[in-house]
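Take a look at the structure set out below.
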Amino acid sequence: VVSMDLSKESEGSKYEQFFQELIDGIPGVYAVVVADRDGVPIITVGEVPDEHDAAVMATAFSVSADQASKLRLGNCKTIVNMFSEYAVVHINHLPIVISLLGTPECNIGLALDIADDIKSVLNPLRVKLVATLDMQ
């Protein structure tokens, strides 16, 4: 388990502001969880119905993405899960997993379209996490 220090006011609030704008800009999306591959939340913005379920889904995504990549079709970039109560778009940016939670009617296409933009914003955090993992 890796702990990331986002105690710098400007860094943490920068991500929170970005994800709040993202939530406001994608119809039906109500929360974003950025977690490490073990499901430990690093950033949570919005109303997450069950944080334990979100952590379990991030871990399951990591395993599923790894298995999907073995199909020799390239790296797994995203996985979309549709449930009766909500939809989840998982974005692969290992060792970071980004999960967008929304209603079943949320605009999944828009969420998928901006996945690369989300990864670009999180790249500095990803670099820090990789460096922290390399030091262990």
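The values are calculated or read from the model by the stated rules, or taken from the named source; none is laboratory data. Please read all numbers here as calculations on a predicted model, not as lab measurements. Positions of Cβ are generated from backbone atoms using ideal geometry, with glycine treated the same way; all protein chains shown enter the neighbour counts. Surface accessibility is based on the protein's heavy atoms, side chains included, excluding ligands, DNA and RNA. Shrake-Rupley method; radii C 1.70, N 1.55, O 1.52, S 1.80 Å.
Counting Lys and Arg as +1 and Asp and Glu as -1, each charge on the Cβ, what is the dipole of the chain about the Cα centre in debye, to the nearest 20? Don't skip to the answer; put the middle values down first.
Numbers: 9 positive and 19 negative charges, 134 e Å.
Roughly 640 debye for the chain.
Full-extension gain between Glu47 and Thr103, please, as 0.36 nm times their residue separation minus the C-alpha to C-alpha distance. Could you put the intermediate results ahead of the total?
Working: separation 56, 0.36 × 56 = 20.16 nm, distance 1.19 nm.
Between Glu47 and Thr103, full extension yields 19.0 nm more.
Calculate, for Val127 and Ala68, the FRET efficiency according to 1/(1 + (r/R0)^6) with r their C-beta to C-beta distance and R0 22 Å; round to the nearest 0.05. Intermediate values should be presented prior to the final figure.
Numbers: r = 25 Å, r/R0 = 1.12.
Once the sixth-power term is evaluated, E becomes 0.35.
If R₀ is 22 angstrom, what is the calculated FRET efficiency for the pair Met82 and Ile114, using the beta carbon separation as r and rounding to 0.05? Numbers along the way, then the final one.
Details: r = 19 Å, r/R0 = 0.87.
About 0.70, to the nearest 0.05.
Evaluate the distance, in nm, between pseudo-label points positioned 7 Å from the Cα of Gln20 and of Met135 along their respective Cα→Cβ axes.
In this crude spin-label approximation the distance works out to 3.0 nm.
If you build a Gaussian network model of the chain, linking Cα atoms that sit under 10 Å apart, which residue out of Val45, Val97, Val121 swings the most?
Highest fluctuation among the options: Val121.
Enter the Cα centre distance for the pair the range 92-126 and the range 44-72, rounded to the nearest angstrom.
Here the two parts' Cα centres lie 12 Å apart.
Using only helices, what value at 222 nm comes out for the chain when you add -39,500 (n - 2.57) per DSSP H run of length 4 or more and divide by the total residues, to the nearest 500 deg cm²/dmol?
Numbers: 4 runs with 63 residues, N = 136.
Counting only the DSSP helices, I get -15500 deg cm²/dmol.
Which residue fluctuates most in the GNM of the chain (Cα springs below 10 Å): Ser69, Ser13, Ser84?
In this elastic network of the chain, the residue with the biggest mean-square fluctuation among Ser69, Ser13, Ser84 is Ser84.
Please list, or write none, the aspartates and glutamates whose alpha carbon is within less than 19 Å of the alpha carbon of Lys128, excluding same-chain residues fewer than 8 places away.
Those aspartates and glutamates meeting the cut-off are Asp5, Glu9, Glu11, Glu16, Asp36, Asp38, Asp116, Asp117.
How large a share of the accessible area of the chain, in percent, is made up of carbon and sulfur atoms when the probe is 1.4 Å and the other protein chains stay in place?
Values: 3880 of 7490 Å².
Using a 1.4 Å probe with all protein chains present, the chain comes out at 52 percent carbon and sulfur.
Can you tell me what percent of all Cα-Cα pairs in the chain are more than 20 Å apart? Before the final figure, lay out the partial values.
Values: 3910 of 9180 pairs.
Of all Cα-Cα pairs in the chain, 43 percent lie more than 20 Å apart.
Projected onto the charge dipole of the chain (+1 at Lys/Arg Cβ, -1 at Asp/Glu Cβ, origin at the Cα centre), which of Asn123, His52, Ser69 gives the Cα projection farthest towards the positive end?
Ser69
Which value, in Å², gives the accessible area per residue of the range 20-123 when a 1.4 Å probe is used on the protein heavy atoms?
Per-residue accessible area for the range 20-123 comes out at 50 Å².
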